[in-house]
Structure formats: structure tokens, C-alpha cells
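Chemist: Below is the structure I would like to discuss, written out as C-alpha cells.
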Amino acid sequence: MISVIYGSKGTGKTKALIEKANNVVADSKGTVVYITDTREHMYDVKYQVRYIAAREYGIDTLPQLIGFIKGIIAGDHDIEYIFIDGAYRIARVDIADLKELFELMEDFDDIHFNVTISSDYDALPEYIKKYV
């Protein structure tokens, strides 16, 4: 399952994503992972959530991000939720170029993916709009 939180910069997407991650951790039977580019919000996320600052792992391209997510999933079969704050920012690509990431997320029916995207609804690519 994929869910997208969208809106222009400064509209509270990260705050909403953190709140969602913190809320699901209490009822989750599996691992909850939060991926973003920096440690900026590390202390806003409950300690039960596995917080990953992608830049610390040298991730700054889409293939690297996709490979990293695959590695996380391969290393922990109990993952129930993956939250990705600013996937295009982590991968340093335009929003329109995230199709491969969304295709990867579609392959994992048993993992709930939540992604933030800084964009107005009209500017979202069609393949993303169905997850809003």
C-alpha cells in the first residue's frame, strides 16, 4: 500500500509524516522505518522507529535509494511501514522521475509506504495521483 502526502514547501508534510509514524508504532506488529535526507527530525520520531538519514549512507541518486530500500527490506522481513520524507530530495531528481521508486513500492503488498512530495496536486504525475 502506498500513501502520498503532498503540498507546497512549508505546509507541514514532514510534521504529518512524523505524526503518522509515531502513531503507527504503538499498534505495529513489525518494524517501522523512517527515511529522510538528514538527522534534522531525528528526535521528533519515537525511539521505536528506525530513523535513517540517507546522506550518512552516501545516498544521493535514485538507483542508490532504490537499492538501499531493497537492502533494508531484505535485511528485515518484519518491516510493516516505511516512511520516506522527500524521496525526490534524497535521490536528487525531479518528481516526474520517481516512477521507478513507485514501481518498487508497488511490488511489496505487505509493506505500507508513506511518501511526502512537495508539489501541488495539478503538478503531480498521473502515476502518483492515484496514491493521494
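The values are calculated or read from the model by the stated rules, or taken from the named source; none is laboratory data. Every value quoted in this text rests on a predicted model; they were computed, and no experiment measured them. Neighbour counts are summed over all protein chains in view; Cβ atoms, including those assigned to glycine, are modelled from backbone coordinates with ideal geometry. For accessibility, only protein heavy atoms count, side chains too; no ligands or nucleic acids. Shrake-Rupley method; radii C 1.70, N 1.55, O 1.52, S 1.80 Å.
Chemist: Filter the stretch 89-100 for residues that are of a type in the set (Val, Ile, Thr) and touching a Leu at 6+ places or on another chain (Cβ under 6 Å); which is surrounded by the most Cβ atoms within 10 Å (Cβ to Cβ)? Quick ask: steps written out before the conclusion?
Modeler: Initial filter on the stretch 89-100 (of a type in the set (Val, Ile, Thr)): 90, 93, 95.
So of that shortlist, the ones also touching a Leu at 6+ places or on another chain (Cβ under 6 Å) come out as 90, 93.
Working: ILE90: 25, VAL93: 17.
Top of the filtered list is ILE90.
Chemist: Tell me which residues, restricted to the stretch 108-132, are aromatic (Phe, Trp, Tyr) and either surrounded by fewer than 19 Cβ atoms within 10 Å (Cβ to Cβ) or farther than 23 Å from TYR81 by Cβ (or both). Spell out the reasoning first.
Modeler: Taking the stretch 108-132 as the starting set, the residues that turn out to be aromatic (Phe, Trp, Tyr) are 108, 113, 121, 127, 131.
If the condition is that a residue be aromatic (Phe, Trp, Tyr) and either surrounded by fewer than 19 Cβ atoms within 10 Å (Cβ to Cβ) or farther than 23 Å from TYR81 by Cβ (or both), then PHE108, TYR121, TYR127 are the ones that fit.
Chemist: Given the condition touching a helix residue (DSSP H, G or I) at 6+ places or on another chain (Cβ under 8 Å), of a type outside the set (Ser, Thr, Tyr), open to solvent by less than 20 Å² (accessible area, probe 1.4 Å) and farther than 16 Å from ILE90 by Cα, answer yes or no: does some residue in the stretch 21-30 qualify?
Modeler: Within the stretch 21-30, none of the residues are touching a helix residue (DSSP H, G or I) at 6+ places or on another chain (Cβ under 8 Å), of a type outside the set (Ser, Thr, Tyr), open to solvent by less than 20 Å² (accessible area, probe 1.4 Å) and farther than 16 Å from ILE90 by Cα.
Chemist: For the stretch 67-86, name all the residues that are in contact with a Leu (Cβ under 6 Å, 6 or more places away or on another chain) and not aromatic (Phe, Trp, Tyr).
Modeler: From the stretch 67-86, those in contact with a Leu (Cβ under 6 Å, 6 or more places away or on another chain) are 83, 85; that's our starting set.
Matches in the stretch 67-86: ASP85 only.
Chemist: Related question: Is it true that GLU80 is loosely packed, with under 13 Cβ neighbours inside 10 Å and under 14 Å from the mean Cα position of the chain (by Cα)? I'd like the intermediate steps shown before the answer.
Modeler: On the way: loosely packed, with under 13 Cβ neighbours inside 10 Å: no; under 14 Å from the mean Cα position of the chain (by Cα): yes.
No, not satisfied.
Chemist: Please enumerate the residues belonging to the stretch 31-44 that are open to solvent by less than 50 Å² (accessible area, probe 1.4 Å), modelled with pLDDT of 95 or more and under 19 Å from ARG55 (Cα atoms).
Modeler: Selection gives VAL33, TYR34, ILE35, THR36.
Chemist: Give, as residue ranges, the helices (runs of 4 or more DSSP H) completely inside the stretch 1-91 that count at least 1 residues that are more than 22 Å from PRO125 (Cα to Cα).
Modeler: On the way: elements: 13-25, 62-75, 87-91.
Result: 13-25, 62-75.
Chemist: Shifting gears a bit: In the set GLY86, GLY71, which member is on the phi > 0 side of the Ramachandran plot, of a type outside the set (Asp, Glu) and open to solvent by less than 70 Å² (accessible area, probe 1.4 Å)?
Modeler: Details: GLY71 fails: on the phi > 0 side of the Ramachandran plot.
Answer to the selection: GLY86.
Chemist: Could you please tell me which pairs satisfy a Cβ distance under 8 Å, a separation of 6+ or placement on different chains, a first residue in the stretch 1-17 that is farther than 16 Å from THR36 by Cα, and a second residue that is open to solvent by less than 60 Å² (accessible area, probe 1.4 Å) and of a type in the set (Gly, Ala, Ser)?
Modeler: Correct list of pairs: GLY7/SER118; GLY7/SER119; SER8/SER118; SER8/SER119.
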